[in-house]
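Take a look at the structure below.
Read-outs: derived from the displayed coordinates by stated rules, not from any lab. Keep in mind that this is a model prediction, so the values were computed, not measured. Counting neighbours? That spans all protein chains shown, and the Cβs are built from the backbone with ideal geometry, glycine included.
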Amino acid sequence: MSNLNPIAWIGDAATGHLRLLDQTQLPARETYLDCTDVQSVWDAIKRLSVRGAPEIGIAAAYGCVIGAQHNQFDHAADHLATSRPTAVNLFWAIDRMRRVQRREVHALLVEAKAIHDEDRRMCRSIGDYGLPLLRQHTTNGQAVLTHCNAGALATGGIGTATAPMYVAHEQGLPFRVFADETRPLLQGARLTACELQRAGIDVTLICDNMAAQVMREGKVGMVIVGADRIAANGDAANKIGTYGVAVLARHHHIPFYVAAPSSTFDLSIPDGSHIPIEQRGSEEITEGFGRRTAPDHVQTYSPAFDVTPASLIAAIITERGLIEPVTMQRVRQVIDSR
Ligand code: MRU
């Protein structure tokens, strides 16, 4: 696995703090942010220094501990919940912190670390369940295609979409990965290509608009992506562009898989039309490459996520097993199984 450590609690409960790898600086610089107040955690989530659904949840849990250090647990929990709207893991983790009986720093830190550790284990289990699929669909040299970063940088462990890749690599299985660069913020290029390359996995970067051609050339055997929120019927929100990849995969008869832990499911909403979609600032489109690439005052529209309908998903790989076929009944069976 890549040796980047995206999130860590440093020190004890009373005086410790949260250390985050600043992912906005990757791959050029490996710099860390030391967060000692709630606002700095909120800012880090908002500007995507820490990102990826499970990791946002873990960061918010530690942020609640920092709030308690300043006798402001409730304010911290309420405030952190406003940082980003789509990833349900954020709200799931904050709810867990609110349910801690003794609202003091030691008990809260134990819960935050438990959330972090559980995520690590869930990633591993997703990898184990996903491995046979990866083996099945890459035997004739075809690659896995992924979009955005649902990797070690987005979770407490070996990632979700990348988990089967890390497990396969550990077992010496030969396979290739195509990473979509993922406009506008390039998580695929800056993060997925970076962490897979550092781990020694055979990764090839493509621009988002090359996926159709690469599929037509027969180079892709399967798609695996992560998710930020999955509705009760299996509709799955993930980074903008994912839905397009799913449509392309269906056209080319390529199986499209979503990998996500149970903490990413929102069974309170019947389908994907209820998932709140984050809107991002125009500068992420007009100045995304560090310089102006569009005329001044041009109008932009920038949804950060889209929803892939369950009908396009071959299976959802969870730490509790495969959801296959992707139906409301099967989602309940697997996610409510413990
Ligand atoms: O905006 P980001 O970078 O937080 O978006 C991340 C994604 O869309 C990931 O694919 C998703 O969170 C899955 S994380 C394992």
Restricting segment 242-338 to chymotrypsin sites (Phe, Trp or Tyr not before Pro) in coil, as DSSP defines it, with at most 16 other Cβ within 10 Å: 289, 301
Lys/Arg +1, Asp/Glu -1 at C-beta; the chain dipole; positive extreme among 225, 304, 171: 171
Within a Gaussian network of the chain (alpha carbon springs, distance under 10 Å), most fluctuating of 149, 140, 89: 140
Per DSSP, loop trypsin sites (Lys or Arg not before Pro) in segment 26-133 with at most 11 further Cβ within 10 Å: 29, 99, 102
Three-way shape label, segment 7-118, alpha-carbon gyration tensor, a/c 1.5: prolate
Rounded D (µm²/s) - segment 95-162, Kirkwood Rh over Cα pairs, Stokes-Einstein at 37 °C, 0.692 mPa s: 233
Per-residue ³J(HN,Hα) for segment 201-208, Karplus 6.51 cos²θ - 1.76 cosθ + 1.60, θ = phi - 60°, Hz, x for Gly and Pro: 8, 6, 10, 10, 8, 10, 6, 3
Residue with peak Gaussian network fluctuation, the chain [Cα springs, cutoff 10 Å], from 25, 69, 171: 171
Formal net charge of residues neighbouring residue 207 (Cβ-Cβ distance under 13 Å; K, R +1; D, E -1): -2
Net charge dipole size for segment 57-135 [Lys, Arg +1 and Asp, Glu -1 on Cβ; Debye, nearest 20]: 180
Residues of segment 307-338 with amide N under 19 Å of a point placed 7 Å along Cα→Cβ from residue 251: 307-314
Cα-centred dipole magnitude for segment 1-101, charges only on beta-carbon of K, R (+1) and D, E (-1), debye, nearest 20: 260
Debye, to nearest 20: dipole size of segment 129-335, +1 on Lys, Arg Cβ, -1 on Asp, Glu Cβ: 380
Axial C-alpha extent at least 18 Å, average Kyte-Doolittle at least 1.0 - helices from the chain (DSSP): 53-69
Simple label model, 7 Å out from Cα along Cβ direction - residue 34 to residue 110, nm: 2.8
Paramagnetic label zone (point 7 Å from Cα along Cα-to-C-beta, residue 82; backbone N under 17 Å) in segment 32-61: 38-47, 60
Whole-Hz ³J(HN,Hα) from phi, Karplus 6.51 cos²θ - 1.76 cosθ + 1.60, for segment 262-279, glycine and proline x: 4, 5, 9, 8, 10, 7, 7, 10, x, 8, x, 5, 8, 7, x, 9, 5, 9
Projected label distance in nm at residue 278 and residue 71, using a 7 Å step from Cα toward the beta-carbon: 3.3
Gaussian network model of the chain, springs between alpha carbon atoms under 10 Å - residue of 65, 214, 223 with greatest fluctuation: 214
√(5λ) per eigenvalue of the Cα gyration tensor, the chain, largest first, Å: 30, 23, 20
Span from the segment 283-332 Cα centroid across to the segment 113-131 one, whole angstrom: 22
